[in-house]
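Peer 1: Let me begin by handing over the structure; questions about it come next.
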2 protein chains.
Amino acid sequence: MTEIEKTLENYQVRPTAMRILIYKYLAEKEIAVALTDIESAFAKAERTTLYRTLKTFEEKKIVHQIDDGTGISKYALCEKGCNCEIEQDLHLHFHCNNCNETVCLTEHKIPQIKVPDGYIAEDVNLVVKGICEKCSGQ
Amino acid sequence: MTEIEKTLENYQVRPTAMRILIYKYLAEKEIAVALTDIESAFAKAERTTLYRTLKTFEEKKIVHQIDDGTGISKYALCEKGCNCEIEQDLHLHFHCNNCNETVCLTEHKIPQIKVPDGYIAEDVNLVVKGICEKCSGQ
DNA sequence: GCAATAAATGCACTTCTGTTGCACTAGTTA
DNA sequence: TAACTAGTGCAACAGAAGTGCATTTATTGC
């Protein structure tokens, strides 16, 4: 049994061939990927299967969904022991306007946000847009 | 000439009947509205016209577009003298998970966000999700 | 005022992403 | 091995965004 298979079982997800492939793909990519990215990476992949696989991964906290403002849902592997839904674990995402890639800046936690009286904050989404490291040439 | 007509001309937008109606609708609503909201408010309205009107309004800085994570673009009137694209003017948006409405919290500016070396921030989008004043019953 | 021009609008159509239903296959358990 | 459950593939649909083109409305020059 490979490392990936073990990982998936730890998350209580049956390690099927497709899921292993998708997990591997996500692990290799350092950026957040859209469903269509995976689809075009594996010609054989069925959109529905990918869709449902990602849903499963999300439920089991293997990946977290990212809304980077492009209107397309993207996904990235959660860090080990990450609790995406807990406010303290929320990190910000950076979307490059040049290469169109979105990365998790896991080191950069979202600062405490104050909301007016009467409002109850449950979740925070923070996306910074601009030019990424690769594209800025630094 | 009405107040709204004057306003539109100030923004260098020709005040057509449709545009005046849409502007008025946006001004009355205190929340960010989606294209479909306006469409259902005016039965006669053509989706394409609304779409292009909002695009025009956006270009002329009459409204700003809001991405609240629902995947649907929403729009809200800019404040007088607002410079949406300038970082200092960026305010946060609150999306209520109960009533599904999105409001601009214009009083709440987005705190300065640090990004790693090599990254250049140009724009910041901050959406807080939770329960709004109306729904929390306070 | 009228013709020429430009802007705005309405209709039809396409594309893209997300989503669901259903049948089939593979894998697990008794 | 039979019965069951989870996973996959195909087809189809829904909703929003976007485009092309013809028509209407407004503006400008004569």
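The values are calculated or read from the model by the stated rules, or taken from the named source; none is laboratory data. This is a predicted model, so every value here is computed, not measured. So basically every Cβ, Gly included, is an ideal-geometry build from the backbone, and we count neighbours across all protein chains shown. Note: accessible area is taken over every heavy atom of the protein model, side chains too, but ligands, DNA and RNA are not part of it. Shrake-Rupley method; radii C 1.70, N 1.55, O 1.52, S 1.80 Å.
Peer 1: Over 25 Å between Cα atoms: which of A:29/A:129; A:74/B:114; B:6/B:109; B:61/B:114; A:29/A:114 fall into that group?
Peer 2: Pairs exceeding the cut-off: B:6/B:109; B:61/B:114; A:29/A:114.
Peer 1: Next question. Residues of segment B:105-125 losing 50 Å² or more of accessible surface, assembly versus chain alone, probe 1.4 Å, please list them.
Peer 2: The answer is B:108, B:113, B:118, B:119, B:120, B:122, B:123, B:125.
Peer 1: What is the interface area between chains A and B, defined as buried accessible area summed over both chains with a 1.4 Å probe, reported in Å² to the nearest 100?
Peer 2: On the way: alone 9320 and 9290 Å², together 15840 Å².
Heavy-atom accessible area buried at this interface is about 2800 Å².
Peer 1: Follow-up. Report for segment B:3-133 the percent antiparallel among DSSP-assigned beta bridges with both residues inside it, nearest 5.
Peer 2: Details: 13 of 17 bridges.
Antiparallel bridges make up about 75 percent of those DSSP assigns within segment B:3-133.
Peer 1: Still on this structure: Let me cross-check residue A:21: its accessible surface, 1.4 Å probe, with only protein heavy atoms counted, in Å² to the nearest 10?
Peer 2: Surface open to solvent at residue A:21 totals about 80 Å².
Peer 1: When ligands, DNA and RNA are left out and all protein chains stay put, how many square angstrom of accessible area per residue does the protein assembly as shown have with a 1.4 Å probe?
Peer 2: Working: 15840 Å² over 276 residues.
Heavy-atom accessible area per residue stands at 57 Å².
Peer 1: Buried by at least 30 Å² relative to the chain on its own: which residues of segment A:51-81 qualify, computing accessible area with a 1.4 Å probe on protein heavy atoms?
Peer 2: Those are A:67, which lose 30 Å² or more relative to the chain on its own.
Peer 1: Right, here's the next one. Could you pull out every residue, at least 5 positions away or on a different chain, whose amide H is within less than 5 Å of the one on residue A:92? Hs are placed 1.01 Å off N in the peptide plane, and Pro or chain starts have none.
Peer 2: Excluding prolines and chain starts, which carry no amide H, the hits are A:105, A:108, A:110.
Peer 1: What are the distances, in nm and sorted shortest first, from the label point of residue B:59 to the label points of the same position in each other copy, with each label point placed 7 Å from Cα along the Cα-to-Cβ direction?
Peer 2: So the label point of residue B:59 gives 4.6 nm to the other copies.
Peer 1: Once the Cβ-Cβ distance between residue A:133 and residue A:25 is put in as r, and R0 is 25 Å, what FRET efficiency do you end up with, to the nearest 0.05?
Peer 2: Numbers: r = 22 Å, r/R0 = 0.88.
Efficiency at R0 = 25 Å is approximately 0.70.
Peer 1: Any idea what log10 I(q)/I(0) is at q = 0.15, 0.16 Å⁻¹ for the protein assembly as shown, Debye with uniform C-alpha scatterers and no solvent?
Peer 2: -1.19, -1.28
Peer 1: For residue A:72, which inter-copy label distances result when the label point lies 7 Å beyond Cα on the Cα-to-Cβ vector, reported in nm to one decimal and in ascending order?
Peer 2: 2.3
Peer 1: Sort shortest first the distances from residue A:41 to its counterpart in every other copy, using label points 7 Å along the Cα-to-beta-carbon line, and give them in nm.
Peer 2: For residue A:41, the other copies' label points sit at 4.3 nm, shortest first.
Peer 1: Also, quick follow-up: Just read off the accessible area of residue A:108 with the full protein assembly in place, 1.4 Å probe, to the nearest 10 Å².
Peer 2: In the full protein context, residue A:108 sits at about 50 Å².
Peer 1: Enter the mean number of other protein chain beta carbons within 10 Å of the beta carbon of each residue in A:131-137, as an integer.
Peer 2: On the way: counts 5, 5, 6, 2, 3, 4, 1.
Partner-chain Cβ atoms within 10 Å, mean over residues of A:131-137: 4.
Peer 1: Whenever you get a sec, compute what percent of the accessible area on the protein assembly as shown sits on carbon and sulfur atoms (1.4 Å probe). The partial results should precede the final answer.
Peer 2: Details: 7160 of 15840 Å².
That share works out to 45 percent.
Peer 1: Same structure, new question: Determine the dipole magnitude for chain B: charges of +1 sit on the beta-carbon of Lys and Arg, -1 on that of Asp and Glu, nothing else is charged, the reference point is the Cα centre, and the result goes in debye to the nearest 20. Each step should come with its number before you reach the end.
Peer 2: Numbers: 17 positive and 22 negative charges, 89 e Å.
The dipole of chain B has a size of about 420 debye.
Peer 1: With a/c under 1.5 counting as rounded, go ahead and sort chain A into rounded, prolate or oblate using the C-alpha gyration tensor (a ≥ b ≥ c being the square roots of the eigenvalues; past the cut-off, prolate if a/b is larger than b/c, else oblate).
Peer 2: Working: a/c = 1.94, a/b = 1.35, b/c = 1.44.
In terms of gyration-tensor shape, oblate.
Peer 1: If you plug each phi of segment B:35-49 into the Karplus form 6.51 cos²θ - 1.76 cosθ + 1.60 with θ = phi - 60°, what whole-Hz ³J(HN,Hα) values come out, in order, with x for Gly and Pro?
Peer 2: Couplings: 4, 5, 4, 5, 4, 6, 6, 10, 4, 6, 5, 8, 4, 4, 4 Hz.
Peer 1: Measure nothing fancy, just the Cα-based angle from helix B:17-28's long axis to the longest principal axis of chain B, in degrees from 0 to 90, nearest 10.
Peer 2: Between the helix axis and the principal axis of chain B, the angle is about 40 degrees.
Peer 1: Hey, can you grab everything whose amide H is under 5 Å from the amide H of residue B:122? Only 5+ residues off in sequence or another chain; H modelled, so Pro and N-termini drop out.
Peer 2: A:129, A:130, A:131
Peer 1: What do you get for GluC sites (Glu not before Pro) in segment B:1-67 restricted to DSSP loop and a cutoff of at most 16 other Cβ within 10 Å of the site's Cβ?
Peer 2: On the way: sites: B:3, B:5, B:9, B:28, B:30, B:39, B:46, B:58, B:59; in loops: B:30, B:46.
Of the GluC sites (Glu not before Pro), the ones in loops of segment B:1-67 whose Cβ has at most 16 other Cβ atoms within 10 Å are B:30, B:46.
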